[in-house]
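These notes concern the structure reproduced below.
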Amino acid sequence: MSGSRLSRLVLATLTVAAVGVPAAGAPADAVMAKPNIVVIMVDDMNVSALAHMPSVRSLIANEGTSFDNSVVSYSLCCPSRSTFLTGQYAHNHGVLGNAPPDGGFAKLRAGQTLPVWLGNAGYNTAHVGKFLNGYGAVNPRQVPPGWAEWYGSVDPSTYSMWGYTLNENGTLRTYGTPAVEDPALYQTDVYADKAADYINRKAPAEQPFFLSFAPLAPHGERAVNGVDLSERNPRPAPRHRGDLDTVTVPKPPNYNEADTSDKPASVRNRPLITPAAEERIEARLKGRLESLLAVDDAVTRIISTLRTTGELDNTVVVFTSDNGWMQGEHRIPSGKIVPYEESLRVPLIIRGPGVPVGKRVSTIAANVDLAPTILDVADATAALPMDGRSLLPIANDPGSFARGIVIETGPKQNGAWYSGLRAPRWTYVEHSTGERELYDLQQDPFQLTSVHNDPRYAATRQALANQLATLRTCSGAPCRQWTPVPGPQL
């Protein structure tokens with residue numbers, strides 16, 4: 001059963017339960033209406049930060065399904081968001097970085113994306129917030145194809161919590177100045193105002209809507225004269241500054257890893273984290289987590305607006321991040337784009353018609369699955385081969401799906417890159433430098449020891465290398481094929 005049919009079946013059941021049977025002559029759409037869809041995508045949020053977002057947990061997770069093993073295929077903003085918009089791996093959509101020549105906004109084939117396909121299926125579409133890196137650099141008044149309403153932040157102002165410019169349906173409007181922390185103009189709150197206004201205007205209409213809500217938090221701000229980011233980066237909303245001042249840096253076993261001799265040179269050559277460096281990590285952590293409190297407030301407002309307009313029960317809400325974030329693991333004080341769990345794993349939670357309530361799923365999910373899931377809900381069709389799959393069948397029957405996900409940062413023109421696989425038990429990576437990594441996540445969840453040269457794992461490594469040879473260039477259905485991998489010969 002497709003997600004859209006499943007969603008409609010749930011809606012039809014709810015309607016019949018409420019009124020017995022449809023009234024004679026009632027329009028079929030009253031029972032078979034397509035769900036609205038709201039996607040909330042934050043920036044650079046790792047899974048551990050979810051502990052500080054009570055509204056996300058109570059209003060979305062408790063009322064829906066959490067995918068506890070959710071990863072991104074390319075843990076960098078522009079490639080990951082392009083995967084969300086296309087349902088394709090980066091090696092297919094071609095956005096292999098945040099800037100030219102490998103990536104950036106202009107690299108994406110904008111006419112072949114999710115909002116275009118949803119618009120063709122009868123949806124009203126709107127975007128609020130960050131889009132793709134480099135958006136607005138050439139033509140800040142450009143509205144990308146498929147968006148009926150557009151409130152996109154113009155780069156580089158996107159990376160300022162005050163003093164940012166939005167393209168509002170072709171009109172540029174700047175909110176405040178970077179150095180003046182006006183509570184009324186805090187970026188996340190202004191975005192929340194626009195999201196709530198959109199829902200209030202569109203919810204009563206018969207046409208279903210798709211809302212993409214993309215706050216910057218917890219991504220860091222850009223350095224601007226007069227702005228002090230030494231204590232908080234990003235700056236939180238003034239009402240939340242200091243709320244998490246007692247937070248300290250989490251120190252899992254791989255924090256400031258003592259022995260990195262098994263790692264590639266790019267990690268192996270890193271110095272140990274000093275006390276001064278740890279203070280910087282902690283200061284940034286406070287800003288990151290406190291900035292997410294305003295996102296949590298925005299989630300409350302979006303859900304409340306859906307409820308008061310009578311649309312909550314007919315709306316699929318997705319909460320996720322474009323990538324994770326390192327904060328001292330494997331001696332990496334900050335950043336992403338590495339094949340480690342803290343960089344790859346992101347929160348992914350879905351609530352709405354057809355989605356089990358209060359469920360946790362351990363089957364691997366990925367950002368490549370977001371577009372197929374949304375199209376399934378909307379009964380819409382893509383104009384490109386989908387590399388991912390709808391998550392609705394996985395949510396309802398997780399044990400029947402075995403899979404591995406391509407993780408990649410190339411091939412590209414600039415700099416080193418890697419290609420690999422993230423499977424239920426394994427992370428296998430081939431670097432352009434010729435280096436290899438293989439982690440047995442069942443025995444070593446913190447990726448402390450790469451077993452790529454361990455003879456006991458020779459068969460495992462070969463099986464993963466064979467699958468990667470096919471999947472690294474896959475397109476469409478072949479990307480969803482997976483062969484079980486043998487364990488170590490102990």
- Among all residue pairs at least 6 apart or on different chains, which show Cβ distances below 7 Å where the first residue, located in segment 169-182, is exposed (fewer than 12 other Cβ atoms within 10 Å of the Cβ) and of a type outside the set (Asp, Glu) and the second is in a loop (DSSP other than H, G, I, E, B) and modelled with pLDDT of 95 or more? Gly170/Arg141; Gly170/Val143; Val180/Trp162
- The one condition Val190 fails out of (1) among the aliphatic types (A, V, I, L, M); (2) closer than 26 Å to Val138 by Cβ; (3) within 20 Å of the chain's Cα centre (by Cα) is (3)
- Note on the structure: Going through (1) under 27 Å from Pro347 (Cα atoms); (2) out of contact with any Phe, Trp or Tyr (no Cβ under 7 Å at 6 or more places or on another chain) one by one, Gly129 fails only at (2)
- Can you name every residue in segment 413-455 that is free of Cβ contacts under 8 Å to residues at least 40 places away in the same chain and more than 30 Å from Lys251 (Cα to Cα)? Gly415, Ser432, Gly434, Pro455
- Give the number of residues within segment 85-111 that are among the β-branched types (Val, Ile, Thr) and touching a strand residue (DSSP E or B) at 6+ places or on another chain (Cβ under 7 Å). 0
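Conditions (1) closer than 23 Å to Glu342 by Cα; (2) part of a loop (DSSP other than H, G, I, E, B), marked per residue:
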| residue | (1), (2) |
| --- | --- |
| Gly415 | yes, yes |
| Ala469 | no, no |
| Cys479 | no, no |
| Trp482 | no, yes |
- Query: Which pairs have Cβ atoms under 7 Å, sit 6 or more apart or on different chains, and link a residue in segment 251-279 that is within 22 Å of Asn453 (Cα to Cα) and free of Cβ contacts under 8 Å to residues at least 24 places away in the same chain to one that is of a type outside the set (A, V, I, L, M, F, W, C) and in a helix (DSSP H, G or I)?
  - Reply: Ser261/Arg268
- Positions within segment 80-125 being within 24 Å of Asp376 (Cβ to Cβ), part of a loop (DSSP other than H, G, I, E, B), among the small types (Gly, Ala, Ser) and under 17 Å from the mean Cα position of the chain (by Cα), in sequence order: Gly87
- Consider only pairs whose beta carbons are under 6 Å apart and that are at least six residues apart or on different chains; among these, list those whose first residue lies in segment 219-234 and is under 23 Å from Ser75 (Cα atoms) and whose second residue is of a type in the set (D, E, K, R). His219/Asp43; His219/Asp44; Asn233/Glu221; Asn233/Arg284; Pro234/Glu221
- Message: Step by step: first the residues of segment 186-218, then only those that are touching a helix residue (DSSP H, G or I) at 6+ places or on another chain (Cβ under 9 Å) and assigned to a loop (DSSP other than H, G, I, E, B), then the one that is nearest to Leu118 (Cα to Cα). Which residue is that?
- Response: Pro208
- Item | segment 340-360 residues that are over 18 Å from Met326 (Cα atoms), paired with ones that are among the charged types (D, E, K, R) and assigned to a strand (DSSP E or B) (beta carbon under 8 Å, 6 or more apart) | Val357/Arg351
- Task: Look through segment 384-402, keep the residues that are in a loop (DSSP other than H, G, I, E, B) and modelled with pLDDT under 90, and return whichever of them is farthest from Cys479 (Cα to Cα).
- Result: Asp397
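The values are calculated or read from the model by the stated rules, or taken from the named source; none is laboratory data. Keep in mind that this is a model prediction, so the values were computed, not measured. We place every Cβ from the backbone using ideal geometry, glycine too, and count neighbours over all the protein chains shown.
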